[in-house]
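*Asks:* Pasting in a structure now, in structure tokens, and then I'll have a few things to ask.
The values are calculated or read from the model by the stated rules, or taken from the named source; none is laboratory data. Small disclaimer: the values here were computed from a predicted structure and weren't measured. No Cβ is skipped: glycine too gets one built from the backbone with ideal geometry, and neighbour counts run over all protein chains shown.
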Amino acid sequence: MAAVLSSIPRSVQRTVKLFLILTSILVGDTGAAVDSSPLPPSITTAPLSVGQVVNNLVHKDEERAQDLRHYECTRVYRLSYRGFPGDREAEMTVAASYDSPSTKNFKVISQKGSKLIIDRVFKRLLESEKEAAEPEMHARTLLNRDNYEIALVGYESSGANSSGVSSSGQGSQYELAVFPKARSKYVYRGKVWVDGTDFAVTRIDAEPALNPSFWTKKSEIHHEYMKVENFWLPRRNESVSYIRLGGRATLTIEYSNYRVTDSRLSGNAPKASTSTVGAH
């Protein structure tokens, strides 16, 4: 298969790879045959095409990025490792802030558990997030057609997604399959759910496009977002990594106590509007 793909132009290779991903999604792990109809009903009933959904997503994201002047929140990082050479756990609470257009700052409030995890995992995550927020890097990781091959694979007319989590209380969800055009530790391949009213990402189930370490056999990413004022911000992130020696590491990040400044409402003397969401 690799030899065949190597003889095909790169743009066609990406299309073939995306087709293989979509086939695995539609067929499922059991290998059952797909429906004989050209497209599943969940796609044919979608009001918008994938191109329209992506265009709306990009446009709305640009608007929200321009309007979001500042936010603060509390994050709780937890990591549990089970496996060779021994079990480890750690927890760190962080006060995080963002200032437009790309400045992020973090202050550690408390930490406990494995110092190895705190120094080599948690603190490196914060450094990586600052790096990813830089304009040049951010442009290369945006969910758009420049960075990803994107296909529509489902449409939900209700407000709850397939896991039962309601995004905005009502509305619809577009389900997209995404495949990055270039590999890096900041992009991913998998599924993305987009709110049909606000055209914001509400959920991601994916895996990194680039394996973060030789010792990591496989990683899974699960992100949830929530609406705070006029913006969609992280609610909960979970990453599960399977280690080649048989271990398993589960990292979760819980977000709460958001305080948001909207430039459309703040005027010349901005006063942050507060939205507090209960911690998990």
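*Asks:* Of the residues SER162, SER128, SER168, which is modelled with pLDDT under 95 and more than 30 Å from PRO47 (Cα to Cα)?
*Replies:* The conditions single out SER128.
*Asks:* Tell me, please, whether a residue that is surrounded by fewer than 16 Cβ atoms within 10 Å (Cβ to Cβ) and over 21 Å from VAL260 (Cβ atoms) can be found in segment 101-111.
*Replies:* Looking through segment 101-111, at least one residue is surrounded by fewer than 16 Cβ atoms within 10 Å (Cβ to Cβ) and over 21 Å from VAL260 (Cβ atoms).
*Asks:* If I ask for residues that are crowded, with 19+ Cβ neighbours inside 10 Å, farther than 12 Å from GLY154 by Cα and without any contact (Cβ under 8 Å) to a residue 40 or more places away in the chain, which ones from segment 182-197 would you list?
*Replies:* TYR188, GLY190, ASP195
*Asks:* Given (1) of a type outside the set (Asp, Glu); (2) crowded, with 18+ Cβ neighbours inside 10 Å; (3) in contact with a helix residue (DSSP H, G or I) (Cβ under 9 Å, 6 or more places away or on another chain), identify the lone condition not met by TYR71.
*Replies:* Of everything listed in (1) of a type outside the set (Asp, Glu); (2) crowded, with 18+ Cβ neighbours inside 10 Å; (3) in contact with a helix residue (DSSP H, G or I) (Cβ under 9 Å, 6 or more places away or on another chain), TYR71 misses just condition (3).
*Asks:* From the list PHE106, PHE84, PHE122, which residue is of a type in the set (Phe, Trp, Tyr) and modelled with pLDDT under 90?
*Replies:* None of the other options fit; the residue is PHE84.
*Asks:* Give the residue, chosen from VAL153, VAL94, VAL76, that is among the β-branched types (Val, Ile, Thr), assigned to a strand (DSSP E or B), in contact (Cβ under 8 Å) with a residue 12 or more places away in the chain and within 22 Å of ARG248 (Cα to Cα).
*Replies:* Selected residue: VAL76, the only one of VAL153, VAL94, VAL76 that is among the β-branched types (Val, Ile, Thr), assigned to a strand (DSSP E or B), in contact (Cβ under 8 Å) with a residue 12 or more places away in the chain and within 22 Å of ARG248 (Cα to Cα).
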